[in-house]
1. Rule-of-thumb check for the chain: C-alpha Rg over 2.2 N^0.38 Å?
2. For the chain, what is the calculated [θ] at 222 nm in deg cm²/dmol (nearest 500), taking -39500 (n - 2.57) for each run of four or more DSSP H residues and dividing by its residue count?
3. Mind giving me the nanometre distance, one decimal, between the label points for Asp66 and Glu49, set 7 Å out from Cα along Cα→Cβ?
4. If you put +1 on each Lys and Arg Cβ and -1 on each Asp and Glu Cβ, how big is the dipole of the chain around its Cα centre, in Debye rounded to 20?
5. Round to the nearest 0.05 the FRET efficiency obtained for Ser182 and Thr146 when R0 = 30 Å and r is the Cβ-Cβ distance.
6. I need the phi-derived Karplus couplings for the range 170-178: 6.51 cos²θ - 1.76 cosθ + 1.60, θ = phi - 60°, integer Hz, Gly and Pro marked x.
7. For a quick size check, give me the Cα extents of the range 16-93 along its three principal axes, largest first, whole Å.
8. For Ala143, which sequence-distant residues (separation of 5 or more, or a different chain) have an amide H within less than 5 Å of its own amide H, given hydrogens modelled in the peptide plane?
Amino acid sequence: MEDNLNPLFLLSPPEGLTIRLVTLADLPQVAHVARITWDATYNQTIAPENRREFLERSYRPENLADAVDAPGHWFYVAELKQEVVGFGHFLQRYHPTQRRAELVRLYVLPEYQHEGIGTAILKTGFAALAEAHMQQCFVSVQASNTPARKFYEGHGFVFHQNHGQFLGTQIVIMAEYTRPISAKDLEV
Ligand SMILES: CC(C)(COP(=O)(O)OP(=O)(O)OC[C@H]1O[C@@H](n2cnc3c(N)ncnc32)[C@H](O)[C@@H]1OP(=O)(O)O)[C@@H](O)C(=O)NCCC(=O)NCCS
């Protein structure tokens with residue numbers, strides 16, 4: 001029995017870690033985390049000019065401001081010693097019959113990865129989605145990003161399909177995953 005225990009659920013995140021909703025004042029730090037983590041994650045797969053252009057547009061504070069403290073958004077930062085070390089952003093997506101949300105961003109600074117921070121953000125988000133009676137969460141991850149895929153699979157996401165997505169001058173293949181949200185997710 002003990003052989004089957006998943007370390008993901010045994011290890012606790014670093015002491016002093018806080019997961020809280022993002023504020024407008026955090027947005028420059030969020031952009032900083034995105035820049036560092038994108039460069040470390042996608043340096044082999046996304047051309048530098050496409051990365052730069054995407055980050056510049058998507059993480060400009062005025063372009064993120066609408067997601068701060070807004071209905072249908074659950075946007076969290078992970079803070080350690082007053083520094084933002086990661087963030088995760090879930091948002092409600094329209095669906096005619098199902099209450100669905102998408103995890104649109106999840107990034108943890110490279111030197112803080114594998115310490116349970118991503119898991120802590122995910123669990124906080126799932127609890128909020130359950131509280132809001134969401135039934136399903138989906139996420140799209142670059143198909144070649146094996147570590148992130150393993151991470152999501154370890155957290156109950158099931159592969160659905162691949163799709164291509166334009167990113168500047170290139171097309172990236174994204175793997176789409178879905179996960180049911182249930183009352184069990186209320187227990188963070
Ligand atoms: C994917 C990502 C968000 C996960 O966040 P994380 O903080 O590294 O995740 P966790 O630490 O909770 O879990 C990651 C691994 O660390 C292990 N782990 C968890 N808690 C741990 C702890 N306290 N000590 C050591 N290892 C731990 C887990 O077993 C897990 O292993 P696995 O990935 O082999 O299953 C993060 O690695 C990241 O930002 N990656 C680059 C960007 C990216 O790919 N984002 C996803 C885009 S869709």
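Read-outs: derived from the displayed coordinates by stated rules, not from any lab. No experiment lies behind these values; they were computed from the predicted model shown. Cβ atoms come from the backbone with ideal geometry, glycine included; neighbour counts cover every protein chain shown.
1. Relative to the 2.2 N^0.38 Å estimate, the chain comes out at 1.01.
2. Working: 5 runs with 55 residues, N = 188.
So the helix-based figure for the chain works out to -9000 deg cm²/dmol.
3. Using points 7 Å along Cα→Cβ, the separation is 2.8 nm.
4. Numbers: 16 positive and 21 negative charges, 94 e Å.
The calculated dipole for the chain is roughly 460 debye.
5. Numbers: r = 27 Å, r/R0 = 0.92.
Result of the calculation: an efficiency of 0.65.
6. Couplings: 10, 10, 10, 8, 10, 9, 9, 10, 10 Hz.
7. Each principal axis gives a Cα extent; for the range 16-93 these are 33, 31, 21 Å.
8. Correct list: Ile173, Met174, Ala175.
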